[in-house]
Amino acid sequence: MKWKPYPSHIDSGIELLGPIPSHWKARKIKHMADVRLSNVDKLSADGQAIVRLANYVDVYRNERITADMDLMVATATDDQTEKLTLAAQDVVITKDSESPDDIAVPAYVPESMEGVVCGYHLALLRPDGDMLHGGFLFRWLQGKVSQAFFTTHANGMTRYGIGKGDIGDAPILWAPMEEQKAIAAFLDHETAQIDTLIAEQRTLIEWLKEKRQAMTNHLVTKGLNPHTSVKESSIDGIGPIPAHWGVRKLKLIAEVRGGVAKGKDLAGLSTVRVPYLRVANVQDGYLDLAEVEEIEIPTRELERYLLQAGDVLMNEGGDFDKLGRGHVWQGEISPCIHQNHVFSVRPHGVRSEWLNAVSGSAYAQFFFMGRAKQSTNLASISASNLSELPVVLPPEEEQVQILAALGRETSEVDTLIAESETSIALLQEHRSALITAVVTGKVDVRDAMQGEAHGN
């Protein structure tokens, strides 16, 4: 659908904005909303009121803060409760982050929430009800103009933050209240449709990944010949395997090598600065080397942690379904080491590619999860437990044949996954561009809802 432009425009006087509808005005957030920084931490204190906290992750991961969310229980003083209890049309934003791109990520509060308080590392923006609608403010903060302002005004080196003054000085546009409501309702409607498409693509990706893992599991545990004689494997999750295959524990065919830990005292030591791989770099079946950090370590320890081509990288921790999965290191960066949350498994009795395929199979994941330490949504496995993984071993020639077939089968699935990921990226960019165009007055959506009532 193509939306019409506003009939007339004026210069906003702000470079980031450019022309705006002639009946709109460029303002600052502090002229239209009260900015309140939170100092309510997660610790509980005797004598204080019990509250529920809307914390950083609640805001960062959700577009709306609602009463049915599982929020942390803590305590707050009377002054904090009075100042920071969430009310209808409040907008809560992140004010501290490890990246300037994550400053002022907003979440909208559609209804008052008695007993729910804005937590630490956040700021509460309370609109002046006569001038600014909270739904419009929320969408404005999602727009590229607002994002550009906060990214450039965030202060810090390794951690970034924004102060109350800069939040208040951030630009915003004023439009008549009914128009703000119409814009908020329109964007709620349009983004919901886009989000549905994104969710469908993500569901497809998960299904494709499950299909890929099922194919991998079948090939690495059953082989290519369905008529071969079999024997019991005595491995949970596998059942029978070809009779001529062997099974050996990982520790007998490879060395599991731990990585370097940060924070060591380097005083008085000869040191060297080298790239090192983190969990973020070792993904499920591929390496993400777009951002590889460096670390300073004692020169004498370099050889101990140095990666070699053919090492199989496996993550020590992470999401339940990604534990232990990784990729074969081909010497993409030299020299390069790895952190202590990434294992370097160095084979000496098996092909690297075979070991990598086995580690990504369903039976290996079943083994890892059965021995992992688990928290709410993460898990981790020790080197000693990883070393006990039973590895199925066909003859080397058969390994090569199975790996070739696996490559053919999974490449088709990987292509479909890549196409879905591209679709998601395009949808997200369209979503962002649409929000920006509407809140900056580049298109006129006043009639788009066709007379529907525009509420909160």
Per the list (1) surrounded by 15 or more Cβ atoms within 10 Å (Cβ to Cβ); (2) closer than 25 Å to residue 364 by Cβ, residue check on residue 260 breaks on (2)
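Suppose we filter 101, 96 for residues that are farther than 21 Å from residue 24 by Cα, surrounded by fewer than 18 Cβ atoms within 10 Å (Cβ to Cβ), in contact (Cβ under 8 Å) with a residue 60 or more places away in the chain and not aliphatic (A, V, I, L, M); which single one remains?
Details: 101 fails: in contact (Cβ under 8 Å) with a residue 60 or more places away in the chain.
Residue meeting the stated conditions: 96.
How many residues, within region 65-91, are exposed (fewer than 12 other Cβ atoms within 10 Å of the Cβ) and closer than 26 Å to residue 195 by Cβ? Full working, then the answer.
The initial filter retains those residues of region 65-91 that are exposed (fewer than 12 other Cβ atoms within 10 Å of the Cβ), namely 68, 70, 73, 78-79, 82.
Still in the running and closer than 26 Å to residue 195 by Cβ: 68, 70.
Qualifying residue count, region 65-91: 2.
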Among the residues of region 157-169, is any buried (at least 20 other Cβ atoms within 10 Å of the Cβ) and polar (S, T, N, Q)? no
Among the listed residues 81, 66, which satisfies the condition of being in a helix (DSSP H, G or I), closer than 15 Å to residue 113 by Cα and either in the same structural domain as residue 169 (by TED's automatic domain parsing) or not small (Gly, Ala, Ser) (or both)? 81
If a residue has to be farther than 30 Å from residue 352 by Cα and at pLDDT 90 or above to count, how many in region 250-282 make the cut? 2
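How many residues, within region 396-419, are of a type in the set (S, T, N, Q), crowded, with 17+ Cβ neighbours inside 10 Å and either closer than 30 Å to residue 10 by Cα or under 25 Å from the mean Cα position of the chain (by Cα) (or both)? Explain how you work it out, then say what you get.
Within region 396-419, the first condition is being of a type in the set (S, T, N, Q), and the residues that meet it are 399, 401, 410-411, 415.
Subset that is crowded, with 17+ Cβ neighbours inside 10 Å: 399, 410.
The next check asks that each one be either closer than 30 Å to residue 10 by Cα or under 25 Å from the mean Cα position of the chain (by Cα) (or both); those that pass are 410.
Residues meeting the conditions: 1.
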Cβ pairs under 7 Å, 6+ apart, first in region 442-455 and at pLDDT 85 or above and surrounded by 11 or more Cβ atoms within 10 Å (Cβ to Cβ), second of a type outside the set (Lys, Arg) and not in a loop (DSSP other than H, G, I, E, B): 443/437; 445/182; 445/183; 445/186; 445/438; 446/179; 446/182
Taking into account only those residues within region 131-161 that are in contact with an Asp or Glu (Cβ under 8 Å, 6 or more places away or on another chain) and part of a loop (DSSP other than H, G, I, E, B), which is nearest to residue 34 (Cα to Cα)? 159
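The values are calculated or read from the model by the stated rules, or taken from the named source; none is laboratory data. It should be emphasised that the depicted structure is a prediction, and the values quoted were computed from it without experimental measurement. Neighbour counts run over all protein chains shown; Cβ positions are idealised from the backbone, glycine included.
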